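Here the structure comes first, spelled out in structure tokens, and everything after it is commentary.
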Amino acid sequence: VNDKTWWYPRTAPEEVEPGKLLLSLRSREILEIDTAARTSRKLVSLPVEPVGQPCLERTSLLIGKSLLAVGCADGIIRAFDLAKPATPLWEKPCDPDRPAPEGTLATGLLPRAGGAFVALYLRGRLTNFNMVNGQENWSVALRCPLAPGNRLPASPQETVLALVHKDGVVTAFDLAAREKLWELSVVQALDEAADAVVGADGIFVVTRDG
């Protein structure tokens with residue numbers, strides 16, 4: 001592909017520990033950047049482009065290895081043992097009931113405590129996976145498909161999500177309790193939500209009319 005932006009990042013760098021960033025590239029690579037040394041190293045090469053940020057567990061509490069899970073554009077989540085990155089430790093469809101493109105991820109993966117991560121599907125489903133073997137710990141269906149541009153919290157300590165659906169409705173969801181907190185309905189035209197962000201003082205919603 002003759003495209004000068006081919007090597008550009010898919011998302012902004014993510015700090016995984018002080019002085020270390022993860023960067024997902026359109027070239028199907030995940031890089032680790034050392035900001036102090038100003039160096040980078042390739043962690044894995046993927047068969048297709050990554051979706052959003054990967055999930056890194058530096059030292060797995062379950063098996064004592066460095067593990068990396070990545071959601072990919074073909075609807076497959078792939079996990080790697082970084083000591084043997086050539087072959088996935090496991091791989092499975094994001095949504096076995098719906099093939100891509102419907103059964104693909106809405107955004108990157110969110111690390112959670114206990115060697116797990118959360119994946120958010122475009123068709124409106126949240127699933128918590130075991131990092132070591134890909135087993136589903138729990139899964140919750142939301143009210144309807146999601147709009148593009150949704151995001152998960154940047155920190156594993158954050159538990160509240162603000163999700164925008166295709167019809168402009170906003171759902172607030174508590175990951176810790178695994179339950180919906182509230183839903184903001186659309187009252188009239190142009191009240192549909194275009195974006196929603198969780199802040200320290202609450203959830204901020206931007207409507208389509210600004």
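The values are calculated or read from the model by the stated rules, or taken from the named source; none is laboratory data. All values reported here derive from a predicted model rather than from experimental measurement. Here the Cβ is made from the backbone with ideal geometry for all residues, glycine too, and neighbour counts use every protein chain on show. In case anyone asks, the SASA skips ligands and DNA or RNA and just uses the protein heavy atoms, side chains included. Shrake-Rupley method; radii C 1.70, N 1.55, O 1.52, S 1.80 Å.
Odds and ends about this structure:
- Normalising the average separation of contacting C-alpha pairs (under 8 angstrom, six or more residues apart) by the number of residues puts the relative contact order of the chain at 10 percent.
- Figure legend: label point modelled 7 angstrom from the Cα of Ala12 along Cα→Cβ; residues of the stretch 126-163 with amide N under 11 Å from it are 154.
- Share of carbon and sulfur in the accessible area of the chain stands at 52%, probe radius 1.4 Å.
- For the stretch 118-159 and the stretch 13-56, distance of Cα centres in Å: 21
- Counting Cα-Cα pairs of the stretch 14-69 in 5 Å increments starting at 0 gives whole-percent bin shares of 4, 18, 28, 23, 18, 7, 1.
- Restricting the stretch 28-94 to trypsin sites (Lys or Arg not before Pro) in coil, as DSSP defines it, with at most 10 other Cβ within 10 Å: Arg38
- Solvent-accessible area of Glu179, all protein chains in place: 100 Å² (probe radius 1.4 Å, heavy atoms, ligands and nucleic acids excluded).
- Surrounding net charge for Leu21, when Lys and Arg each add one and Asp and Glu each subtract one, Cβ distance under 15 Å: 0
- Given the alternatives (i) 18.3, 62; (ii) 16.7, 52; (iii) 17.4, 54, Rg and Dmax of the Cα atoms in Å as computed for this entry is given by (iii).
- Note: relative contact order over the stretch 25-108, using C-alpha pairs below 8 Å and six or more positions apart, is 22 percent.
- With contacts taken as Cα pairs under 8 Å and at least 6 residues apart, the stretch 102-210 reaches a relative contact order of 16 percent.
- Amide H contacts of Ala106 (H built 1.01 Å from N, in plane; Pro and chain starts excluded): Leu120, Tyr121, Leu122 sit under 5 Å, all sequence-distant by 5 or more or on other chains.
- Relative to the current alpha-carbon distance between Ala176 and Thr59, full extension at 0.36 nm per residue lengthens the span by 39.8 nm.
- Computed extension length for Asp97-Asp167: 22.9 nm, one decimal, from 0.36 nm per residue of separation with the Cα-Cα distance subtracted.
- With R₀ fixed at 30 Å, the C-beta to C-beta distance from Ala154 to Ala83 puts the FRET efficiency at about 0.65.
- Lys pairs under 23 Å by Cα in the chain, provided they are eight or more residues apart or on distinct chains: 11
- Surface exposure of the stretch 93-210, expressed per residue as accessible area with a 1.4 Å probe, stands at 49 Å².
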